[in-house]
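The values are calculated or read from the model by the stated rules, or taken from the named source; none is laboratory data. Please read all numbers here as calculations on a predicted model, not as lab measurements. Glycine gets a Cβ as well: all are built from the backbone with ideal geometry, and neighbour counts include every protein chain shown. In case anyone asks, the SASA skips ligands and DNA or RNA and just uses the protein heavy atoms, side chains included. Shrake-Rupley method; radii C 1.70, N 1.55, O 1.52, S 1.80 Å.
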Amino acid sequence: MLLGLRTTIYPVAELTKAKNWYEQVLGIKPYFDQPFYVGFSVGGFELGLIPDGVPGTSGPQALWGVQNVSEEFQRLVVLGATELEPVTEVGEGIKVAAVKDPFGNRLGIIENPHFKVSAVR
């Protein structure tokens with residue numbers, strides 16, 4: 001049985017540069033920092049970076065929750081991301097967008113007023 005999202009891993013060519021960029025994006029230092037993996041604890045989930053992988057924008061598409069998708073989208077672009085999918089309302093007040101991080105990965109964001117974090121049983 002799946003218990004829910006725990007970790008999303010992004011492959012990067014330059015681990016140190018990616019770690020520094022994600023520190024700016026997240027506003028925190030990684031809790032796990034090794035040459036083979038860097039892990040950030042983000043709202044009860046993990047954003048991981050692995051070196052020597054092949055970045056991409058296809059495949060599974062995680063969406064990270066934000067308070068205001070338009071503001072966060074602009075902030076990510078200012079930090080060096082490239083627009084991939086513009087802010088789009090998909091219905092019932094839910095808005096999504098995606099950028100390509102400076103390392104070639106899709107970073108999706110979502111503003112969902114209906115999402116409530118529930119305790120794991």
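Summary of values
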{"item": "Complete set of residues in the range 12-59 that are over 13 Å from the mean Cα position of the chain (by Cα) and acidic (Asp, Glu)", "result": "GLU14, ASP33, ASP52"}
{"item": "Failed condition for GLY44, given (1) touching a residue at least 60 places away in the same chain (Cβ under 8 Å); (2) open to solvent by 60 Å² or more (accessible area, probe 1.4 Å); (3) touching a strand residue (DSSP E or B) at 6+ places or on another chain (Cβ under 8 Å); (4) closer than 26 Å to PHE115 by Cβ", "result": "(3)"}
{"item": "ALA62 being within 23 Å of LYS116 (Cβ to Cβ), touching a helix residue (DSSP H, G or I) at 6+ places or on another chain (Cβ under 6 Å) and hydrophobic (A, V, I, L, M, F, W, C)", "result": "no"}
{"item": "Test: LYS29 is of a type in the set (Lys, Arg) and in a loop (DSSP other than H, G, I, E, B)", "result": "yes"}
{"item": "Selection count, the range 51-67, where residues are open to solvent by 60 Å² or more (accessible area, probe 1.4 Å) and either part of a loop (DSSP other than H, G, I, E, B) or closer than 16 Å to TRP21 by Cβ (or both)", "result": "6"}
{"item": "Qualifying residue in the range 69-89 (condition: under 16 Å from LEU5 (Cα atoms), part of a strand (DSSP E or B) and either open to solvent by 60 Å² or more (accessible area, probe 1.4 Å) or touching a Gly at 6+ places or on another chain (Cβ under 9 Å) (or both))", "result": "no"}
{"item": "When residues of the range 80-100 are limited to those that are in contact (Cβ under 8 Å) with a residue 24 or more places away in the chain and in contact with a Pro (Cβ under 7 Å, 6 or more places away or on another chain), the one nearest to GLU111 (Cα to Cα)", "result": "ALA97"}
{"item": "Single condition ALA97 does not satisfy, out of (1) aliphatic (A, V, I, L, M); (2) farther than 21 Å from ASN20 by Cα; (3) part of a loop (DSSP other than H, G, I, E, B)", "result": "(3)"}
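This table checks each residue for (1) at pLDDT 95 or above; (2) in contact with a Cys (Cβ under 9 Å, 6 or more places away or on another chain); (3) not charged (D, E, K, R).
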site: LEU5; (1), (2), (3): no, no, yes
site: LYS17; (1), (2), (3): yes, no, no
site: TYR22; (1), (2), (3): yes, no, yes
site: PRO30; (1), (2), (3): yes, no, yes
site: ASP33; (1), (2), (3): yes, no, no
site: VAL42; (1), (2), (3): no, no, yes
site: ASP52; (1), (2), (3): no, no, no
